[in-house]
Structure formats: structure tokens, C-alpha cells
Amino acid sequence: MHDDTSGAAAFRRHARKLHREGFYAAQGDQPTQVHFIQAYARNLVIDGLPIDLPARDAPLERIRRQRMPAGHVLVPDTAQRAAQFEFWWHTMWDLMASVYSGLPDFLPSRAEIDDRVRLCGGTPEMTSFTELEMARLSRTLSLYRRCDIAAGPDVVVEQLLLPSLIPVELGFQGRSPRWPQRPRTDGGDVHESRLLTSCERALQHYRDGTADVVDVIYRTVCRRLSWLCDVEAYDPVRNQYRELVAAYNATHPSRPVERLHVPHHDFPEATAPRTRQAATPARLGGGG
């Protein structure tokens, strides 16, 4: 069990980490960001970690002044970066409150999204907050507002996050008119597969005994992709994944790969990072 102090401190660390990791995983795609946050929050519920609502009131200037995660698409407009960080801080908390309570009422409506953009300093002229972007985000949130998505993180990872992530990855293999490659400034691979990088990192962390919630999510991704590749020959997600592998090999002709995930059987069997509990909604509280 978590006591009030350790539980609150742990949850605050997770909130800060999730705010950053959401951007990293989404790679500029806001619906993917929603699915990742949902999966992460549902894992916290399973772990029995109590939500710490006062942590939502962190100083906004600190939230707004953050830097984009390494490898994220460029956002040269400082005002847009600040607005984006604040917008997603509030939206992340709405998503977590909805997961912990089991109530979709915490999720913002389209009108509330538009109000939030304005209050955070965003405008429709900013690429993060265009009509198209906000419409896509609102449709994604409506999936969770309908209350017909089963409890637990795996269904989100397998049925929503992964099918959203593969087209994002395809874009950086030359299939996107806006970002056909990663806008890197570190000299790294402009066609890097973030999917493969994250899966390999998860495997290493499991082997080291240091796996965290992000690694749990990518292990689930690997399990799903392994199953699709081995069993579901005609599944549309499997077919799009094979398209992604082919596109990656076209941009890496000297280093072709058979897959862009880690086979699930490569993960250690008995090194789960923590004890799982029943996936039931938790009551909202002030820290435990």
C-alpha cells in the first residue's frame, strides 16, 4: 500500500513524466497523445497508485517554459510552445481524472477545448490548434466519452494506440507531406523508427529490472504486433505494419530489418516491474 506522502510524491513524479512522455510518444500527433495518456493512467490505476489532485496546480510558468522532448518535431514559435505545454497539462489531468473516476464527464467537450486553447494563449493560426487539429482531438476524446471502451490499459494500447501510432511512424518514412522525415538537429537518423527505439529500450529495461510504465506500454505493443504477425495475416493493422517495415527498409537500404518491434518472447518472463491489481476505477482523492 501507499501512504499519503509517498503516494502523492510518486504520483507527482508520474504526472511530470507523463506530460513529457506524451509528447515524445505522440511525435506531433495529438490523438495519439490522448491514447498514450489513457494507457499510462490506466496502468497507474491497476498499480493502485492514488491520484494526487493538488499536483494539478503546479506553477503554470514552469509548465509553459519546458523544452520539447529530444527528437520532437520543431515548434519554433515560443508562444505556441508555451500554449501547447499548458494546454496538454490541463488536458492530461482531465484524462487522468476520467480514468481514475470512471466518469467521462471530466473529458472536455469541443467548446471547452476551444475555450482552453484561447485561455492558454493559443490561436487557430498556430499549427497545434488549427480547426483540423482540434476536430481530430475532439473526435478522439469522444471515443472515451462514449463509455464503451473496456477498463484496463491493454485494450487502449492494442485497439487505439497502436493503430494510431503506425500511420504516424509511416509519415516519418517519407509518407507525410508536412514531415516526411524527422527534423533533427543532433545529426541522428532522420528516418529513425521511434517505435523500434522504444520497444528496444523497454526490452533493455525489463532485462535490467528497471522497467517503468512506459516500458509496460511498449511491451504490450510488442505482444500485440507479435500476435498480429504470427496469427492475423489479414488484419488491417498487421498489413499497415508490414507497409511500415517496407517503408523503413526503403529509407535504410543498407540496414534492412524484418520487424520494427521486439518479439514478445524476447522479454523476460518473470521480471514484471510491479504487482498488478484489479483494473477497477479508483475514487478521486486529494492524495491517497
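No lab work stands behind these numbers, since they all come straight from the coordinates. Bear in mind the structure is a predicted one, so any value in this text is a computation, not a measurement. Positions of Cβ are backbone-derived with ideal geometry, glycine not excepted, and every protein chain shown enters the neighbour counts.
Structure values in brief
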read-out	value
Relative packing of 96-103, 233-240, which averages over residues the other C-beta atoms within 10 Å, highest first	96-103, 233-240
The range 84-124 - Debye-derived log10 I(q)/I(0), Cα point model, q = 0.23, 0.32, 0.33 Å⁻¹	-0.72, -1.06, -1.09
Descending semi-axes in whole angstrom, ellipsoid equivalent of the range 87-239, from the Cα gyration tensor	28, 22, 17
Value of relative contact order over the chain, rounded to a whole percent, pairs C-alpha under 8 Å and six or more apart	27 percent
Size of electric dipole in the chain: Cβ of Lys, Arg +1 and of Asp, Glu -1, about Cα centre, debye, nearest 20	320 debye
For the range 4-145, average projected area of the Cα convex hull in nm²	8.0 nm²
Residue order, fewest to most surrounding Cβ atoms within 10 angstrom, among TRP89, TRP179	TRP179, TRP89
Long-range HN-HN contacts of ARG182 with modeled amide H, under 5 Å	HIS191, GLU192
For the range 20-25, Karplus couplings with θ = phi - 60° (6.51, -1.76, 1.60), whole Hz, Gly/Pro x	6, 5, x, 5, 5, 5
About the Cα centre, charge dipole magnitude for the range 154-266 (Lys/Arg +1, Asp/Glu -1 at Cβ), debye	320 debye
Per-residue [θ]222 nm for the chain (sum of -39500 (n - 2.57) over DSSP H runs n ≥ 4, rounded to 500)	-17500 deg cm²/dmol
Size of the range 151-232 as Cα extents on the principal axes (Å, biggest first)	35, 31, 25
